[in-house]
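Note sheet for the following structure.
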Number of protein chains: 2
Amino acid sequence: MSLEKFFNPSSVAIVGASAKKGKVGYEILTNMINSGYEGKIYPVNKKAEQIEGLKCYPDLKSIGKTPELVVIIIPAAAVPAVMRECVNVGTKSVIIITAGFKEVGEKGRQLEQDILQIARQGGVRIIGPNCLGAIAPANKVNASFGGSMPEAGPTAYLSQSGALLAAILDMANAHGIGFSKLVSIGNKADVNELDLLKSFAADPETKVIAGYLENITNGNSFVREAEIISKEKPILLMKSGSTAAGAQAASSHTGSLAGSETAYEAMFTRAGIVRCDSIKHQFDFAQLFAYQPLPSDRRIAVVTNAGGPGIMAADAAEDAGLKFAQLGDETVDKLKEVLPAAANFYNPIDVLGDALSDRYEAALKNVLADDNVDIVLVLLTPQAMTEAEKTAEAIVRVSRENPTKMVTACFLGADKVADGLAVLEKGKVPHYDSPESAVRAIRAVCDYVRWKARPKRVVRLFPVNRRKVENIIDRHLRQQSREIGETESKEVLEAYGFVTPKGSIANTAEQAGNIASQLGYPVVMKIWSPDIIHKSDVGGVRVGLKNRREVMDVFDLMMYRIPQKMPDADILGVLVQEMCTSGKEVILGMHRDPQFGPLMMFGMGGTMVEVLQDVAFYLAPLTADEARQMLASTKTYRMLRGVRGQEGVDIEVLAEGLQRLSQLVTEFPQIKEMDINPYMIGPPGTTPIAVDARMSVEKD
Amino acid sequence: MSLEKFFNPSSVAIVGASAKKGKVGYEILTNMINSGYEGKIYPVNKKAEQIEGLKCYPDLKSIGKTPELVVIIIPAAAVPAVMRECVNVGTKSVIIITAGFKEVGEKGRQLEQDILQIARQGGVRIIGPNCLGAIAPANKVNASFGGSMPEAGPTAYLSQSGALLAAILDMANAHGIGFSKLVSIGNKADVNELDLLKSFAADPETKVIAGYLENITNGNSFVREAEIISKEKPILLMKSGSTAAGAQAASSHTGSLAGSETAYEAMFTRAGIVRCDSIKHQFDFAQLFAYQPLPSDRRIAVVTNAGGPGIMAADAAEDAGLKFAQLGDETVDKLKEVLPAAANFYNPIDVLGDALSDRYEAALKNVLADDNVDIVLVLLTPQAMTEAEKTAEAIVRVSRENPTKMVTACFLGADKVADGLAVLEKGKVPHYDSPESAVRAIRAVCDYVRWKARPKRVVRLFPVNRRKVENIIDRHLRQQSREIGETESKEVLEAYGFVTPKGSIANTAEQAGNIASQLGYPVVMKIWSPDIIHKSDVGGVRVGLKNRREVMDVFDLMMYRIPQKMPDADILGVLVQEMCTSGKEVILGMHRDPQFGPLMMFGMGGTMVEVLQDVAFYLAPLTADEARQMLASTKTYRMLRGVRGQEGVDIEVLAEGLQRLSQLVTEFPQIKEMDINPYMIGPPGTTPIAVDARMSVEKD
């Protein structure tokens, strides 16, 4: 059901409207009146005849018409009765401002369930409870006590913190920043962040979607829908608060490296959401997304009247991974015509300290005309001759003449540049308080552009033996055994096309020697026990054993020493295995995030993985392109490509391994965590080997 | 000579004073007059009788008295004559505003040399040329055209960019931020950043030193002096612009990993300088250093009236490495007495959305009284009941009652909190525009506190064979051979107490086999040529050769293959060396920075060093403590300490290796670059081995 009537109702009833200044019921009523709302307003208050010149009604029924929106501000215990009234009079949209629900404990939670049930049965949508309300400037609706009405503008905002929304409103009003909609979602008993995202996506007044969230109600559908919406409109989110999930003990490498923040990061990356660390960044980014075109590439030019800030901008641009544009010869020649001889004609273009607005304008025009430039940042410091206001006018003018290129500004200073800043704001050229802030915003837009241009996601499906995996997992779940040991983990992997090393379990030293001799030397030996997860911690792994005698010695040593360290461990023998001597050790892993599902990991393998933390995460299912991106985003990648005369590994085959694992964990939601570590990967033409693996399962 | 008279002259002559508005000579004259300067002002202008009511003089001599400060604004070519006049009349302090010197090329450079020579001979100090001038608010001196006089305050500022100083002045004036001194250093022909640092250090009005630099005149003395000054007063610097030095080709690992920025970072770390990335950060940090006490530890508590921003502050504090304070039981009990039941009594302390100022005050008092708290950040969002101004008054009051603890604030919003912010500014409680900005400033102060508390620097001197190293280096320099090869590099290292692997050079396969048999197997073989720097790149390194036959094969293979790859290389044979099979591979290195001298490097060794870039840099000479810190600042450190059942290495012996190398490169400035890679380090009780080493030398 559309949320349209929350933002554009033809009539509004305010249940709990008050005549007493300072009361929330008064604030909301007067905010509605003062916003210039053109529909009908019905204050509902049993005791008053009229408030602020409007006739009062004792209840909704006595209005005699159906208010399209009802705002409720009465005490929590009385809300269910009003909800029933809403159903009876036919209202479909209700904002519950009242607090005292889920956030105060079990009793409130029950009350919230009750009103939700009434709403669901009656086909009513609820925003709140425990919220500030909703605002739609273009429709002159301010059904909130967040503050006075902001200007209309292209940004829609949703906030899980009412206090933060009030602060944002105060800041926006001070700087003339406009919004299409503002919603405080409170306890989000019914309408949640995803409902609003979809509503904003469909809203022609909204160009940019921004918000503050502390948690996400349904991770899976959120990421799926947000990805679709992001392609049309940028989504800028602040997300705070590590959840309890991050603190969960994890037994795998992947699990211990993947905090809950990692899953959020991976989700944002997948869905193309622009993450903002603070309100300031969010404001900074939103202005640029709202008012300037998306650049086609990340080549930036800087025009400045002072060398120092120009260098600072260049440093910041380089750090942010932007490309410092190299001007065409023609542009340089033209700049030489229009600027004094002492100017700098190369990027950063220095128009000199005594530049008037005409010099800025001439430089800017020529730089923007250059095909090698996508973005221009104009810096201005207030010097003796500087014309801040006229320069701002010139920037606005030239920016309008170049509707496909991004123009931003940074006027350093305060009073001396204030008039100029006002002109920029009116002219929709975003300005920033430092070159670094400008570059940060530009980078956010460029990253979004890159995300938008990524290839279509096609997940490859490999032919596998699903039945075999099903059997192994089912057996473990029936036996209530969460950990699947090395042997069976490898059977699972083999069913999905991985190759594992040959080997068998020995129960005597003699047997170990026989197995080793059959495999050929050198061999690896590993203690075999369901109770020992990290075998190397207890001396349960020995590599490079070169002859029968060594193998027999190691068998007996493990049998003698390990029970002393772990007297309760059930030891089933020692695995004797062929040794993979060539290739690089990497880790492929998966940790299932409670919110966003399977989180794939890639990193340098062996015991180094937790030390170096050079790992990449991505949400499954992976496309070939995403698998390659995961590899490329680690430092290990350079080594994998081959350094200093060493041959590189087969990158495509490695990416395929990640995709196969991604398919496995997508098809089996029972798999909670898994590591293939080490995964030995060699040069092109060789077959990678899953040397060791572990996984844990749970009922889905 | 003291710079006192620049800031507190009893009389000032302005050569080039003008009656024409907009002219720099007019701006400076009127700035001096309007600042309320109480000394004598002498405008010098050949054509005018009087300007702004002050009698004009045709030249300095005709004043008849010695002006203590002369400000020069006439064209560059005429400056030398005026400088001579200054010498003649006995003026010792001159500010040259005029541009057109070093910055415009060779002719200007000569002119600058000329005036400097006149000054040196006459015992005159110069600020500039090509600068904005100097300001000293407490003495009512504004000998600049940077803007109107700021308030007096505890921060001294020096800037290598005049335009930036003007912008800073404009911003400071808008926010009532005060300064003790402001100096635009221009071309710094004479007075440079270090002179000013020392002057500010001795200035009782200055508590915090801040500045913007593009380069440093004398790196060595700067770092030495800055380190001494930092102990007394914090130095906050912006540094922009990578110099050409960073682009120099480097042939060693250390060199290629150490850009010029690395040297600056290391210098800042050594000298305790607080690096700022932007003007905003610098302002933010300076306020906190200037007005709040240094906290004794980094335990932070947050008091807030809104949950969301509280979580954001907690996230930011954790990211910044601050400790989130755990309140004592007694404090929690007291908070339960003074706050409503629904409040949060644990950190972050939530006083709830309807908190008046009294609730804030009660919470703040109790939290500050807790011994487990060093720092409090107060967050406020403007809600219906919020009293921004009265809350600010309470914060200021409680902050004054707790002069040993750091109190900061963040009031989110704009108009609704403006009165509160004004109270905080007056009350010297720094406030920030976001929790993240507040935490960033707090972290900067905490890092400085930690630096201040570091142990006294005592560099250990090892007994070494200096003479032997001298001979090797001298011989190379005489023969104009920059690179010292492996054998002699190792002799150098042995002279400084390092142990290197045994081995000899073979010229035939037969000889190689003999050497190997003497050493015992396995052995390593390396191609031996002064022309091959990265041996492994050409297949010139083979390890783990297990018998005579393999050794003889490898000899012949290298002799056959390598000349094909490098036909011009002079191949002297093959080194046959014992193989170090145990221990971890690390790299110890040094790159001599042209400005700051020997920059020591530590990192994971082998071919991985450039891939992982997990390295630490520090300026030599190193103390034992600094060597340990270098080790501990890498991720490799965790591996060195021992992970997953692997035994750790001898950390102390490794730190000693760094100190020995530090001594070597400090005693021999001719050594330009060197790597010990790999340096094999084993468990305690074993001797580390410098397996391979290379160094390059240059005439000092």
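Of note:
- Among beta bridges that DSSP assigns inside the range A:4-206, antiparallel share in %, nearest 5: 25
- Taking every alpha-carbon pair under 8 Å whose residues sit at least 6 apart, chain B reaches a relative contact order of 8 percent.
- Electrostatic tally near A:Asn31: other residues with Cβ closer than 13 Å to its Cβ, Lys and Arg +1, Asp and Glu -1, net +1.
- Farthest towards the positive end of the charge dipole of chain B, among the residues B:Ser296, B:Ala226, B:Val407, is the Cα of B:Ala226, using unit charges on the Cβ of Lys, Arg, Asp and Glu.
- For peptide A:139-148, the mean count of partner chain Cβ atoms within 10 Å of a residue's Cβ comes to 1.
- For the residues of A:157-167, the average number of beta carbons from a partner chain within 10 Å of their own beta carbon is 6.
- Unit charges on C-beta of K, R, D, E only; dipole of the range A:293-450, Debye: 360
- By the rule of a C-alpha distance below 21 Å, with chain neighbours fewer than 8 residues away ignored, the lysines paired with B:Lys92 are B:Lys5, B:Lys40, B:Lys61, B:Lys65, B:Lys140, B:Lys181, B:Lys188, B:Lys198.
- Relative to the other identical copies, A:Lys40 shows label-point distances of 8.8 nm, where the label point lies 7 Å from Cα along the Cβ direction and values run shortest first.
- Straight-line cross-link reach from B:Lys280 at under 17 Å between alpha-carbon atoms covers these lysines, not counting any fewer than eight positions away in the same chain: A:Lys280, B:Lys239.
- Approximating the spin labels as points 7 Å out from Cα along Cα→Cβ, the A:Glu330-to-B:Ala369 distance works out to 7.6 nm.
- Per residue of peptide A:384-394, the mean number of Cβ atoms on other chains within 10 Å of the residue Cβ is 1.
- Most positive-pole-ward Cα, A:Pro522, A:Phe7, A:Ala201, against dipole of chain A from beta carbon charges: A:Phe7
- Dipole magnitude for the protein assembly as shown: computed about the Cα centre from +1 point charges on Lys and Arg Cβ and -1 point charges on Asp and Glu Cβ, it is near 480 debye.
- Residue order, fewest to most surrounding Cβ atoms within 10 angstrom, among A:His591, A:His534: A:His534, A:His591
- Cα lying deepest toward the dipole's positive end in the range B:325-470, options B:Leu364, B:Ala441, B:Ala453, charges on Cβ: B:Ala453
- Copies compared at A:Asp568 - label distances in nm, ascending, label defined 7 Å from Cα in the Cβ direction: 7.0
- Note on chain A: with charges restricted to the Cβ of Lys and Arg (+1) and Asp and Glu (-1), its dipole about the Cα centre is near 1660 debye.
- Alpha carbon Rg of the range A:293-452, scaled by the compact-globule rule 2.2 N^0.38 Å: 0.93
- Inter-copy separations for B:Glu483, label at 7 Å along Cα-Cβ, nm, ascending: 5.2
- Which of B:Lys280, B:Lys635, B:Lys699 has the fewest Cβ neighbours within 10 Å, and the rest in rising order: B:Lys699, B:Lys635, B:Lys280
- Going by neighbour counts of Cβ atoms within 10 Å, the residues B:Ile135, A:Ile235, B:Ile532 line up, fewest first, as B:Ile532, A:Ile235, B:Ile135.
- In terms of packing, defined here as the mean over residues of other Cβ atoms within 10 angstrom, the peptides B:309-318, B:92-101 line up highest first as B:92-101, B:309-318.
We did not get these values from a lab; they are worked out from the coordinates using the rules stated. Bear in mind that the values here come from a model prediction, so they are computed numbers and not experimental data. Glycine gets a Cβ as well: all are built from the backbone with ideal geometry, and neighbour counts include every protein chain shown.
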